[in-house]
1. Would you be so kind as to identify which of Asn40, Cys4, Gly62 lies farthest towards the positive end of the dipole of the chain, taking Lys and Arg as +1 and Asp and Glu as -1 on Cβ and the Cα centre as origin?
2. Extension gain Thr65-Ile13, at 0.36 nm per residue separation less the Cα-Cα distance, in nm?
3. Of Val16, Phe74, Leu28, which is farthest towards the positive pole of the stretch 9-89's charge dipole, taken about the Cα centre with +1 and -1 on the beta-carbons of Lys, Arg and Asp, Glu respectively?
4. Expressed in nm to one decimal, what extension gain is obtained for the pair Thr73 and Glu22 from 0.36 nm per residue of sequence separation less their Cα-Cα distance?
5. Calculate for the chain the 222 nm mean residue ellipticity that helices alone would give, adding -39,500 (n - 2.57) per DSSP H run of length 4 or more and normalising by residue count, nearest 500 deg cm²/dmol.
6. At most 16 other Cβ atoms within 10 Å plus a DSSP loop assignment makes a site exposed; report the longest stretch of the chain without any exposed GluC sites (Glu not before Pro).
7. Can you give the charge dipole size of the chain about its Cα centre, rounded to the nearest 20 debye, using +1 on the beta carbon of Lys and Arg and -1 on the beta carbon of Asp and Glu?
8. Straight-line reach from Lys25: which aspartates and glutamates have a Cα under 18 Å away, not including same-chain ones fewer than 8 places off?
Amino acid sequence: MSKCGELTEAIKIRSVELLGYEIEKRELDFMPYLSHLIANNICLDKISDEEKSVLEELKSKGLVTKNRRLQCTFDYWVAMQEICYIAYFDHSNR
């Protein structure tokens with residue numbers, strides 16, 4: 001029985017299928033907030049050092065960019081939404 005926001009085997013497997021790598025718990029924890037930041041064009045001044053570290057990793061993988069505003073690739077956006085759904089909304093495995 002998994003808990004809301006837990007990094008389960010199902011999420012690890014799906015992240016490999018969607019992204020080509022197994023996400024870590026810190027990326028999973030950051031995903032809902034990252035989605036909010038991107039969708040609402042929110043300033044990054046108040047993100048934590050841990051979140052900045054995750055963001056830098058995503059930038060280095062070419063999944064996220066910061067020009068005039070924070071953006072991500074279409075594929076990462078879709079993967080992020082599906083992974084968040086599995087982690088936070090899908091209660092079929094709990």
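1. My answer, from the dipole projection, is Asn40.
2. Details: separation 52, 0.36 × 52 = 18.72 nm, distance 2.53 nm.
Answer, rounded to one decimal: 16.2 nm.
3. Value computed over the given set: Phe74.
4. Difference between extended and current length: 16.6 nm.
5. -16500 deg cm²/dmol
6. Longest run free of exposed loop sites: 25-94.
7. With Lys and Arg at +1 and Asp and Glu at -1, about 300 debye.
8. Leaving aside aspartates and glutamates fewer than 8 places away in the same chain, those within reach of Lys25 are Glu6, Glu9, Glu17, Asp49, Glu50, Glu51, Glu56, Glu57, Glu82, Asp90.
We did not get these values from a lab; they are worked out from the coordinates using the rules stated. Computed from a predicted structure; not experimentally measured. A quick note on method: Cβ atoms are made from the backbone with ideal geometry, for glycine too, and the neighbour counts reach across all protein chains shown.
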